[in-house]
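What follows is calculated from the coordinates using simple rules that are stated; it is not laboratory data. Here the structure is a predicted model, which means the values were calculated and not measured. For neighbour counting, all protein chains shown are included, and Cβ atoms are generated from backbone atoms with ideal geometry for every residue, glycine included.
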Amino acid sequence: MPHGNYQTRPRYFITFERLSKRLDRRIWYLDLRHIVFNYFYGVTLLNKKFRSANKAFTQCKNAKKVFYGINDIEGEKECYIVEGEMDKLALYEAGYKNCISVPNGANDLNDVFETCGDELKEIEKYYIAVDNDEAGQKLEKALINRLGKWKCSKIVFVNGKDANDELMHS
């Protein structure tokens with residue numbers, strides 16, 4: 001139940017002119033204090049990740065790990081992999097629909113690859129677009145080791161530390 005007067009703090013659904021109906025059901029505001037990222041696998045909602053204004057994250061307990069946006073690479077031969085949900089949405093806004101985000105940075109990659117291995121087998125080329133920081137470099141190495149160096153190319157951001165910064169400063 002939301003805190004305060006519900007009439008002055010209603011739930012709002014985010015709609016962006018360029019985003020498809022498929023994306024609309026994946027992100028919405030919760031009483032103006034959190035953004036909720038819905039993690040779908042096919043039509044099944046497997047997890048919800050909550051982000052507060054000060055970047056505190058929490059998610060459903062014991063949820064199955066899946067890439068954010070895994071449905072967006074169905075039938076694709078190329079895939080962009082980013083480090084966060086906001087980076088995935090930034091690439092989506094820029095026109096790159098075939099993008100997925102790791103659920104927890106470089107942590108728990110075994111679980112997510114176990115769940116999404118079949119979808120990733122169909123991809124011929126990966127573009128690694130992680131943050132320009134130490135954690136991002138760790139994730140980049142882990143992804144390249146897992147996916148194969150010959151199938152991966154690195155994207156370097158020049159106007160910020162990640163895809164979201166790049167979109168905001170371009």
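Computed over region 114-155, the convex hull of the alpha-carbon atoms projects to a mean area of 3.1 nm².
For K65, the lysines whose Cα comes closer than 18 Å to its Cα, not counting residues fewer than 8 places off in the same chain, are K48, K49, K88, K121. Taking 7 Å steps out from each Cα toward its Cβ at M168 and L45 produces label points 2.8 nm apart. Distant-in-sequence amide contacts of S153, defined by a placed amide H-H separation under 5 Å and a gap of 5 or more residues or a different chain, comprise Y126, Y127, I128.
Gain on full extension, evaluated as 0.36 nm per residue between K154 and E93 minus their Cα-Cα distance, stands at 20.0 nm. For region 141-149, 3J(HN,Hα) computed residue by residue from phi via the Karplus equation (6.51, -1.76, 1.60; θ = phi - 60°) reads 4, 5, 5, 4, 4, 6, 8, x, 4 Hz, glycine and proline entered as x. Relative to the 2.2 N^0.38 Å rule of thumb, region 57-151 has a C-alpha radius of gyration ratio of 1.00.
Per-residue extension of 0.36 nm, minus the Cα-Cα distance of N107 and K77, leaves a gain of 8.2 nm for this segment.
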